[in-house]
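K.L.:
Here it is: the structure, laid out below.
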Amino acid sequence: MNDNPSNEKALPEEPPVVFQNNELAQQYGGGHAGGWVGRLPSSWVPYVQLARLSPPAALFLIYFPHFFGVLLAAIIQKSPLSQVLRASLVMLGGSFFFSNAAHGWNDLIDAPIDKAIARTSKRPIPRGAITPRAAFVFTITQAVGAALFLLLMPSGTAVYAVPNIIGTAYYPWAKRHTNFAQLVLGFCLAYGIVMGSCTMGLKPFTGGPFGATDKVWVEPSIASLLLASVLWTVIYDTIYAHQDVKDDIKVGLKSIAVLFRDWTKPLLWLLLACMVSLLYLCGTLLNMRTPFYAIAGGGSLLSLGAMIANVELKDSASCWWWFRYGFWLAGGAIAGGLLSQYVLMWPAF
C-alpha cells in the first residue's frame, strides 16, 4: 500500500514489507502456528499446516459445494430436515478428510516447485518439517478416512466419486500442462454438488457407463449450480494465483493469471456475469422464490464484484486478503439463498 506523500520520508518502507511477508508466510499452511494450533504437540503442527486447517478456508472451499448439493437436492425432493442434517454432517466429515488428502497430495507433488517460490518455500515439505514419505502416508490415511464416509452414502452412489478422485489426483500436474488449471480445480471443488445430492439419494445424472438407462439424463438445476460453482472457483483462485505470477513464470507453471495478466479483471467480470446468470437459471428451473435470487445471486454479485473491483492484482497481500475473505461472502450467499428457499418450502411438506 502507498503511504501519503507527505509522510513518505517519516515512515520507513521496511515495516509494511515485513508485515506483508509475515502474513504471506502463514497463507495456506506455510508457517501458521498461532491460536489453537500453538496448543497442539509440536509434532502435530506441520501436519495441520500441510492440511491447511488453520485458517480453515481450505476445508470450507471443499465443503461449501457439498453443502450446496445437499440443499439443492432437499429442495428438489422436499426432503425432511433430519435427512438434510444427517447428509450435511456426512459431507462435513468426508470433506474434512478429503481436504486433508487433497492438500497433502498437492504439496507432495509440488514440493520441488514450492521450494523455489518465495511464498511457499516454508511449507512443511520444502522446509523439511515433513519428509515426502511421511506426507505420502498422511495423504493415504486421509484418503482412506474420506473413503469410509462414502460407505455412509446410499448404496450404489459411491461410484459417482470416481471423476472427482481422478481430477484431484491430476490437478497438481494441470498447473504444468495448461493455463486453465483453475478450471480443473473448479471442476474438482464444484463436483461436491454431485456428491451432496447423491448423499440425499438424488442421482444428478443417469445413463452412460454408470447408469441403468440407455439415455443420459442430467438434472438441469444441479448442472447450472455446478457450472456456477466452477466459475466461482475460477474467479477466486485466479486472484489467488496472481500472488505468484512472477515466480510461476520463472519455474514454468501455468495459470489463468499467467495467461491474462493485465487482462485478468475484464475476464473475471465476464465470468462473474456468467456465474450469476447460472445461479438465476438454477432458481428459474426450480421456480424458486425471491429470497434465493436476492441472497444467492445478489450476494454473489456484490461480494465477488467488490473483490474484482478492489483487489490489487500486483499486490500479494491484497490478493490474499480478498481471496481469504471474499470467498466466504460468496459461499455464504449461495448457501444462504438455498437455505432461504428450503425454509420457505417447509409448509409444503
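K.L.:
Kindly express, to the nearest 10 degrees and within the range 0 to 90, the angle between helix 162-177's C-alpha long axis and the longest C-alpha principal axis of the chain.
P.N.:
30
K.L.:
Below 8 Å, C-alpha to C-alpha, sequence gap of six or more: please give me the relative contact order for region 30-348 in percent.
P.N.:
Dividing the mean separation by the residue count of region 30-348 yields 19 percent.
K.L.:
Moving on to the next point. Can you tell me the orientation of helix 181-190 relative to the chain, as the angle in degrees between its alpha-carbon axis and the longest Cα principal axis, to the nearest 10?
P.N.:
Long axis of 181-190 versus the principal axis of the chain: about 40 degrees.
K.L.:
Also, quick follow-up: On a 0 to 90 degree scale, rounded to 10, what angle separates helix 264-285 from the longest Cα axis of the chain?
P.N.:
That helix lies at roughly 20 degrees to the long axis.
K.L.:
List the lysines whose Cα sits under 20 Å from the Cα of Lys265, skipping any in the same chain fewer than 8 residues away.
P.N.:
Within the straight-line cut-off, Lys265 pairs with Lys246, Lys254, Lys314.
K.L.:
Now, a different point. Stretch Val144-Lys265 to full length: gain in nm at 0.36 nm per residue minus the Cα-Cα span?
P.N.:
39.6 nm
K.L.:
Hey, fewest Cβ within 10 Å first, where do Lys203, Lys250 land in order?
P.N.:
Least to most surrounded, the residues fall as Lys250, Lys203.
Every number here is computed from the coordinates shown, using simple stated rules; none is lab data. Everything quoted here is computed from the prediction, not taken from an experiment. Note that we place each Cβ from the backbone using ideal geometry, even for glycine, and neighbour counts take in every protein chain shown.
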